[in-house]
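Student: Can you read through this structure? Questions will come right after.
We did not get these values from a lab; they are worked out from the coordinates using the rules stated. Predicted, not measured: the structure shown is a model, and the values here were computed from it. Because the Cβ atoms are built from the backbone with ideal geometry, glycine has one as well, and the counts that use them run over all protein chains shown.
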Amino acid sequence: MLKLMAKDGILRRIIESAAAAPSIHNTQPWRFTVVADDLLEVHADPDRALWVSDPHARALYLSCGAALFNIKTAIRMTGFNPLVWPLPQSEFAPTVLAAVQAEPGRPPTFAERELYEAIWRRHTNRGPFTDEPIAEPMLIALEQAAGFEFATLRMLNGADAARVLDMAASASEELAGDVDHQIELQKWIATSSRDDGIPAEALPSRPTSEPSPVRGDLSSAAPAVLRPEVSYERDPQLAVLTTARDEPSDWLRAGQALQRVLLTATAHGLSASFLYQSIELRDMRPESAPAWPWPEIPQIVIRLGYGRPQAAAPRRPLDDVLTRAAQTAELP
Ligand SMILES: Cc1cc2nc3c(=O)[nH]c(=O)nc-3n(C[C@H](O)[C@H](O)[C@H](O)COP(=O)(O)O)c2cc1C
């Protein structure tokens, strides 16, 4: 029987897919270990964790969950099925977030191919979007994408979006005044000569009106970067990705749902950016974060719309993120 991970070209494509996932501030907080010819592990990389702003590692799990979804999608392209064990040894090996076994399956569907192709075209877009509304069937397709991964995407109407933008603005202000947070953020912002972090070209412009639909405190960590003033869309289409519970397994699931939503959006010509600051602030200081108005647990706020392509964030070389266990070291 063909052992999928023993094929060097296929393995590299699977890992490249994983590494193309979005991650908090492009920290790429992951490592991938081939433990057998048909078995891959997704690990958290503690050296890339944000100890100040992500004390419970929610954002790290979300990021690694997005990478895990890409691995599943890339494995499907080979006609294999990914069998996933989430958090397989959380007590003994806490960095292992998932084990993925590839077993023979059916050929990929058209929809699966569309998602896979979107992996390479998806980039966070912090530029202005047009005022063109997103059609109802598309919004429903995005909600369904989250549902496939056992999360909920709550599309916000104008009044609710305004409320969430206000919460994001006050969280941004509080975080911009937190010295420890800013010092940590500075390591990952405007990192143009590196292969991680957010390059200056990908930072948001200055919106002509407030509250901002893009995250303002990112730029306060890079005051030397000149940002033109531009006018953003009047009524941003926001959505909140939520889960019923709030455990590490929910964060990993939410990361997979996030990526399925983003790839579905990309496949249909939509762009997305994020407003994570309210959730970050609640994890850092639950007592000072504004009360969340809905019963479900918010994992990330997504802004959706039609925009022009923006600068892509870089990725680390494959060999920095891939480890091959001894028994698979003699790959062709
Ligand atoms: C959990 C999580 C939170 C994020 N929060 C924000 C955010 O608040 N604002 C923002 O502009 N980008 C946010 N991002 C996007 C990352 O900065 C982005 O994925 C990373 O820089 C890599 O760029 P790419 O998405 O274009 O590949 C977030 C991503 C993840 C996974």
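Student: Against the globular-protein guess of 2.2 N^0.38 Å, express the Cα radius of gyration of the chain as a ratio, rounded to two decimals.
Tutor: Details: Rg = 19.3 Å, N = 332, 2.2 N^0.38 = 20.0 Å.
With N residues counted in the chain, Rg over 2.2 N^0.38 Å equals 0.96.
Student: Taking just the C-alpha trace of the range 136-199, give me its Rg and Dmax in Å.
Tutor: Spelled out, the Cα radius of gyration and Dmax of the range 136-199 are 17.2, 44 Å.
Student: What is the log10 of I(q)/I(0) for the range 178-226, computed with the Debye formula using one identical point scatterer on each Cα and no solvent, at q = 0.31 Å⁻¹?
Tutor: The computed values of log10 I(q)/I(0) come out as -1.21.
Student: To continue, here is another question. Hey, what did the range 194-264 get for relative contact order, percent, Cα under 8 Å, at least 6 apart?
Tutor: Details: 33 pairs, mean separation 18.9, N = 71.
In percent, rounded to a whole number, it is 27.
Student: Return a whole-number percent for the relative contact order of the chain, with Cα pairs under 8 Å and 6 or more residues apart as the contact set.
Tutor: In percent, rounded to a whole number, it is 26.
Student: Net charge near Glu296: determine it from the other residues with C-beta under 10 Å of the C-beta of Glu296, scoring Lys and Arg +1 and Asp and Glu -1.
Tutor: Details: positive: Arg154, Arg245; negative: Asp246.
Neighbourhood net charge equals +1.
Student: Relative to the longest principal axis of the C-alpha atoms of the chain, give the angle of the C-alpha long axis of helix 248-267, reported between 0 and 90° and rounded to the nearest 10°.
Tutor: The angle comes out at about 80 degrees.
Student: Hey, how much of the P(r) for the range 127-267 falls beyond 22 Å, as a percent of Cα pairs? Could you put the intermediate results ahead of the total?
Tutor: Working: 5120 of 9870 pairs.
Value for the range 127-267: 52 percent of Cα pairs lie more than 22 Å apart.
Student: Which net charge results for the neighbourhood of Pro204, defined as the other residues with beta-carbon distances under 10 angstrom from its beta-carbon, given Lys and Arg at +1 and Asp and Glu at -1?
Tutor: Details: positive: Arg126, Arg206, Arg215, Arg227; negative: none.
Taking every other residue near Pro204 into account, the sum is +4.
Student: Still on this model: What relative contact order, as a whole-number percentage, does the range 136-305 give when Cα pairs under 8 Å and 6 or more residues apart are counted? Intermediate values should be presented prior to the final figure.
Tutor: Working: 249 pairs, mean separation 51.8, N = 170.
This gives 30 percent for the range 136-305.
Student: A follow-up question, please. With N residues in the range 16-158, what two-decimal value do you get for its Cα radius of gyration over 2.2 N^0.38 Å?
Tutor: Details: Rg = 16.7 Å, N = 143, 2.2 N^0.38 = 14.5 Å.
Compared with the compact-globule rule of thumb, the range 16-158 sits at 1.15.
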